[in-house]
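Participant: Below: one structure in structure tokens.
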Amino acid sequence: MGEEYQLHSLKIEFDMVMKMSKTLFTSKNIAIMIVFGVLSALITLTTSFIPVPIPGLYGLIAVPVGTIFILTARELIGKIGAATFTQLVSGVLSTFLPGGPPIPFIIIPTWVLGGIVIDLYFYFIHNIKSRKIYGIAGLIYNIPGDFLLFYAFMIFLGWSWSFYFFLYSFVAIHAILGCIAGLFVPDIIHRIKPSTK
């Protein structure tokens, strides 16, 4: 009876360790997320070199490239939290790099919010993989962060842009660019995934 109990408790412990190893990040996972986060943050530098007439227009470059980086990192790691951590790295670096939104302290929450959306999205759809799934992920992940930026601009910078202008100029453009970029992610993953195993 005692031996059966010990075997049963060892099996439970082994199962718990196996479940944890599937959800915890390895050092390789962390390295991949940091690399993609840094690459995503470096896109913010484009705003220092490309003059834009209105804030947020840098998104024409940053949104599609950043979407590809974040979705690729999430897919390569395949664990919940991967997109959030990658966006956290990107947000922290983007805060200190020149360029990006005119309110630096709002960058980290905005970027992390996008990572959380991606992680939850892939958590709820489980293992469904298709071009449409990545397109939808690219379409939706920037939306909460765009609203956060809009209200931060209103509160801290006193901007009085109309809500409809914001919807069409920021949210819609960022969503369309993210969606288009998301459609290319399966091809990128197909090319690089065998070499990352």
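Since every read-out is calculated from the coordinates, none of them should be taken as a lab result. The structure presented is a predicted model; accordingly, all values stated were derived computationally and were not measured. In this analysis, Cβ positions are derived from the backbone assuming ideal geometry, glycine residues included, and neighbour counts consider all displayed protein chains.
Participant: Let me see the pair-distance distribution of segment 94-197: every alpha carbon pair, 5 Å bin width, integer percents in order.
Facilitator: Going out from 0 Å in 5 Å bins, segment 94-197 shows 2, 12, 17, 20, 19, 13, 9, 5, 2, 1 percent.
Participant: Something else now. Hey, what do the phi angles of segment 86-95 turn into as Karplus ³J(HN,Hα) couplings, whole Hz, using 6.51/-1.76/1.60 and θ = phi - 60°, x for Gly and Pro?
Facilitator: Result, ordered by residue: 4, 5, 5, 4, 4, x, 4, 5, 4, 5 Hz.
Participant: Could you tell me the calculated FRET efficiency between residue 38 and residue 125, based on Cβ-Cβ distance and R0 = 22 angstrom, to the nearest 0.05? Walk me through the numbers on the way to the answer.
Facilitator: Values: r = 28 Å, r/R0 = 1.26.
So, using R0 = 22 Å, E works out to roughly 0.20.
Participant: Okay, next question. Within 10 Å, count the other beta carbons around each residue, average over each peptide in 153-160, 164-171, 61-68, and list them highest first.
Facilitator: Final packing ranking: 61-68, 164-171, 153-160.
Participant: At 4 °C and 1.567 mPa s, what whole-number value in µm²/s does Stokes-Einstein give for the translational diffusion of segment 56-147, with Rh from the Kirkwood sum over Cα pairs?
Facilitator: Working: Rh = 13.2 Å.
After rounding, the answer is 98 µm²/s.
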